[in-house]
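Let me begin by presenting the structure, written as structure tokens, before commenting on it.
The values are calculated or read from the model by the stated rules, or taken from the named source; none is laboratory data. The model shown is predicted, which means the values in this text are computed figures rather than measured ones. Glycine also receives a Cβ, built like all others from the backbone with ideal geometry; neighbour counts cover every protein chain displayed. The protein model used for the area step is the full one, side chains on, heavy atoms only, and it has no ligands, DNA or RNA in it. Shrake-Rupley method; radii C 1.70, N 1.55, O 1.52, S 1.80 Å.
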Amino acid sequence: MLAVVLGYSATSNKQIKTEQTMPETVNDKRVFSLLEVTKSIQKTLDDRYKSSFWVKAEMNKLNFYKHSGHCYPELIEKKDGKVIAQIKSYLWKSDFNRVNNNFQQILKEPLKDGIKILFQAKISFDPSHGMALWIMDIDPSYTLGDLEREKQETIQQLIDEGIYNKNKTLRLPLLPQRIAIISVETSKGYADFLKVIETNSWNYKFFHLLFPSILQGDKAVQGITGQLKRIRKVKNHFDVVAIIRGGGGDVGLSCYNNYHLAKEIALFPVPVITGIGHATNETVSEMISFSNAITPTKLAEYLLQKFHNFSVPVQEAEKKVIDKSRRLLSEENTKFQSEVKLFRSVTENILITNRNEVKSVISSLLQYAQFIFKNQNDYLRTAKSDIVKETNSLFINAKQEIKNFSITILKDTHSKLNHYQLIVSQLIDKLYSQSGLKFKSILLELNNIEKNIANMSPTNVLKRGYSITLLDGKAVKTIEQIKSGDLINTTVFEGNIISIVNSTNKKTDQ
């Protein structure tokens, strides 16, 4: 019987009732059906594990099914990185909703893959589906402690590596205008951030470029680090990197405690500022970033404040310069007006005093000028009379001298004229003699030139065997003028020869 072999509970020692209480006998062997075995196991487990119990494990996979709302978590336990135990489980829809709400209220995180949990469960065994744990409840405080431990481990590791404050030591530009934004294009936080910086009443101008990424949940770490690596390649085009998350409440923030994400931010060569949007304790990513704000709006106001810190002193300095300039101009104008009044008073006194002196000097000058004019007039009259007398005397003397000189010149001229006539006569005779000889010489040369011209005439040249070649009516002087196929006209003494050129051959030896 099955009752003899498997049919008693380990605790109650009661016989199990099955549809088939007797095993079959096959070749003298007792054979039980699979259903009989699984029902026996079910009965034993039900009797042994009647009450629920608490278990700690890692939820490797949540396996949430949206269509039913049920979850089928995959539970494991690891030691030294190796899985030493695992079991299937299930979490019904109503239990899941209750537990998940508790997690979001206490941890600000939903149930997700890869977290450690402390859960209340009962063993469930079904002949069709096998053994599993029915999860009845999960204690969020245990998971909270584990998440906090992960956060502290991340912080300590960054401190040990000496990079915890590395991003904070970077220098933010005086006017951080070029912003690389890591956010979701449709998120409310991103929209709030852009609204503040683009519609600011001071008309400050910003350049911003979105690098889209998931900002919460398991894929957020990979998405954000991936975009940071993209920005690193073009780091010289940006002054600051802003990680902006908003509109999702305080849920899904544990990813910002991840060591790999925090390290990427800490070592980033450009200041990283965060506006993750939550009211709970800071995440590691916020702690190690250059600066963080509680909301994206506050983060935008932080950047505007940087502009204020620059523009307000400049505006105040401008006001001071204007006020100082106005005071200086007013003081100098007053001083100038006073100087003008004094100058007018002094100059008027000087003019009055000098006017009388000028009148006196003018009167004296007039009297002196009249005296001078009178004396000069008398002197000129005397000089005129003397000049007339001297001129008449000189004219008479000159007239007599000219007369005597003319007589002398006439005598000398007559004598020289006879001498010149003799010389001219001799020159004429000599000219006649030499010109005759020259004429004969020239006539002989002309006869020789005439003979040479006759010999060089085209007709005589052609008689001696020469010819003239024409191309298009023009004489051919070089072989380069002719090419194959040209029609040429060659003139000899007896007539013309018309030819077509087949080829040309230029001499190589000169």
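Rolling a 1.4 angstrom probe over the chain with all protein chains present gives an accessible area of which 56% lies on carbon and sulfur atoms. Normalised by residue count, the chain yields a Cα convex hull volume of 684 Å³ per residue.
Charge dipole (Cα centre; +1 on Lys/Arg Cβ, -1 on Asp/Glu Cβ; no other charges) of segment 406-457 amounts to roughly 100 debye. The residue among 234, 213, 187 whose Cα reaches farthest toward the positive pole of the charge dipole of the chain, with charges on the beta-carbon of Lys, Arg, Asp and Glu, is 234.
Rounded to the nearest 20, the Cβ-based charge dipole of segment 193-317 about its Cα centre (Lys and Arg +1, Asp and Glu -1) stands at 480 debye.
Only DSSP H runs of four or more residues enter the estimate; each adds -39500 (n - 2.57), and after division by the residues of the chain the mean residue ellipticity at 222 nm equals -18000 deg cm²/dmol. Comparing 500, 471, 444 along the charge dipole axis of segment 432-510, the residue lying farthest to the positive side is 444, per the Cβ-charge model. Listed by chain and number, the lysines whose C-alpha is less than 28 Å from the C-alpha of residue 229, apart from same-chain residues fewer than 8 away, are 112, 151, 166, 168, 188, 195, 205, 219, 263, 298, 306. At full extension, residue 175 and residue 63 could sit 35.5 nm farther apart than now, given 0.36 nm per residue minus the alpha carbon distance. For the chain, a simple Cβ point-charge model (Lys and Arg +1, Asp and Glu -1, everything else neutral) yields a dipole of about 1760 debye relative to the Cα centre.
Report the calculated FRET efficiency for residue 46 and residue 106 (r = Cβ-Cβ distance, R0 = 22 Å), to the nearest 0.05. The value I calculate is 0.05.
Spatial offset of segment 368-388 relative to segment 450-510 amounts to 100 Å, using the alpha carbon center of each.
Among 323, 160, 95, the sequence by solvent-accessible area, most first, with a 1.4 Å probe is 160, 323, 95. Annotation: lysines with alpha-carbon distance below 22 angstrom to residue 507 (same-chain offsets under eight excluded): 477, 483. In this calculation the C-beta distance from residue 435 to residue 388 is compared with R0 = 60 Å, giving a FRET efficiency of 0.40. Take residue 433: with every protein chain present and a 1.4 Å probe, its accessible area is about 70 Å².
Rounded to the nearest 0.05, the FRET efficiency derived from the C-beta distance between residue 351 and residue 377 at R0 = 30 Å is 0.20.
May I ask you to work out the translational diffusion coefficient for segment 359-510 at 20 °C, viscosity 1.002 mPa s, via Stokes-Einstein with Rh from the Kirkwood sum over Cα pairs, reported in whole µm²/s?
Rounded to a whole number, D works out at 78 µm²/s.
Segment 293-359 and segment 90-126 have Cα centres spaced 75 Å apart. Which of 423, 277, 484 sits farthest toward the positive end of the charge dipole of the chain, with +1 on the Cβ of Lys and Arg and -1 on the Cβ of Asp and Glu? The residue sitting most towards the positive pole is 423. When 287, 131 are compared by accessible area at a 1.4 angstrom probe, the order from most to least is 131, 287. Heavy-atom accessible area for residue 56, with the other protein chains in place and a 1.4 Å probe, reaches approximately 140 Å².
Dividing the Cα radius of gyration of segment 10-143 by 2.2 N^0.38 Å, with N the residue count, gives 1.32.
How much area per residue is accessible in segment 110-266 when the probe is 1.4 Å and only protein heavy atoms are counted (Å²)? Could the numbers behind the result be given before it?
Numbers: 7800 Å² over 157 residues.
I get 50 Å² per residue for segment 110-266.
Distance between the pseudo-spin-label points of residue 325 and residue 344 (7 Å out from Cα toward the beta carbon): 2.9 nm.
Placing dummy labels 7 Å off each Cα toward the beta-carbon, the span from residue 370 to residue 82 is 14.5 nm.
Using the Kyte-Doolittle scale, find the helices of the chain whose mean hydropathy is at least -1.0 and whose Cα atoms extend 24 Å or more along the helix's long axis, counting only whole DSSP H runs. TM-like helix candidates: 296-455. Could you state how much accessible area residue 148 has, in square angstrom rounded to the nearest 10, with a 1.4 Å probe and all protein chains kept in place? Rounded to the nearest 10, that gives 80 Å².
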